[in-house]
Amino acid sequence: MVKKGPEQEFKEKLMQHYRASRYKVTPIQTRTVPGVPDLFVAGQHGSYWIECKQLHKITFRFDHPHIKAYKIPFRPGQQKWALEHFLSTHQKEWVRCYVQFKDGIYGFDQKKVYEDHWVPVEDFYVITGLL
């Protein structure tokens with residue numbers, strides 16, 4: 001039996017939550033198109049893409065002490081895919097990125113490319129009732 005990593009467990013919990021809420025959940029795994037998010041979720045309240053991230057180590061931005069940001073481990077192509085999706089839908093749909101920290105789950109909407117993967121703290125919102 002293959003041991004699941006923390007990010008896979010997090011993704012499976014999200015899938016269970018959305019399915020229990022009567023959403024259609026499609027996990028995406030592709031190596032042919034770089035950057036495609038982890039899940040596509042569709043339900044009564046709309047449809048959207050979700051990228052799941054697990055932060056094992058929190059890295060703060062010390063080169064600019066006045067900027068509070070977290071370094072998100074995007075894979076190659078993920079930010080580009082999210083931005084192209086946002087622009088192709090006339091800025092009506094974006095990729096939701098859910099990040100599991102030790103103290104809870106936070107999200108941010110990918111509507112731009114974050115330089116060097118630094119996402120400002122003010123872009124995050126708290127996700128409640130998810131897990």
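Any chance the range 119-130 includes a residue that's in a loop (DSSP other than H, G, I, E, B) and under 22 Å from G5 (Cβ atoms)? Looking through the range 119-130, at least one residue is in a loop (DSSP other than H, G, I, E, B) and under 22 Å from G5 (Cβ atoms).
Residues that are surrounded by fewer than 17 Cβ atoms within 10 Å (Cβ to Cβ) and without any contact (Cβ under 8 Å) to a residue 40 or more places away in the chain within the range 108-121 comprise D109, K111, K112, V113, E115, listed in sequence order.
In the set Y18, Y98, which member is surrounded by 12 or more Cβ atoms within 10 Å (Cβ to Cβ) and under 26 Å from E122 (Cβ atoms)? So the residue among Y18, Y98 that is surrounded by 12 or more Cβ atoms within 10 Å (Cβ to Cβ) and under 26 Å from E122 (Cβ atoms) is Y98. Candidates are the residues of the range 19-44 that are touching a Leu at 6+ places or on another chain (Cβ under 9 Å) and assigned to a loop (DSSP other than H, G, I, E, B); the one that is nearest to A82 (Cα to Cα) is D38. Remark: G107 matches the filter, which requires a residue to be in contact with a strand residue (DSSP E or B) (Cβ under 7 Å, 6 or more places away or on another chain) and outside any helix (DSSP H, G or I). Number of residues in the range 83-107 that are more than 10 Å from the chain's Cα centre (by Cα), hydrophobic (A, V, I, L, M, F, W, C) and under 16 Å from G35 (Cβ atoms) equals 4. Evaluate the range 55-70: report whether one residue or more is of a type outside the set (S, T, N, Q), within 23 Å of Q8 (Cβ to Cβ) and at pLDDT 90 or above. Taking every residue of the range 55-70 in turn, none turns out to be of a type outside the set (S, T, N, Q), within 23 Å of Q8 (Cβ to Cβ) and at pLDDT 90 or above. Which one is modelled with the highest pLDDT, of the residues in the range 21-38 that are surrounded by fewer than 14 Cβ atoms within 10 Å (Cβ to Cβ) and charged (D, E, K, R)? Looking at residues that are surrounded by fewer than 14 Cβ atoms within 10 Å (Cβ to Cβ) and charged (D, E, K, R), I get K24. With respect to the stated conditions, Y48 is in a strand (DSSP E or B), crowded, with 16+ Cβ neighbours inside 10 Å and in contact with a Lys or Arg (Cβ under 8 Å, 6 or more places away or on another chain).
The values are calculated or read from the model by the stated rules, or taken from the named source; none is laboratory data. Just so it is clear, the structure is predicted and the values come from calculations on it, not from any experiment. Please note: Cβ atoms are built from the backbone with ideal geometry, for glycine as well, and neighbour counts cover all protein chains shown.
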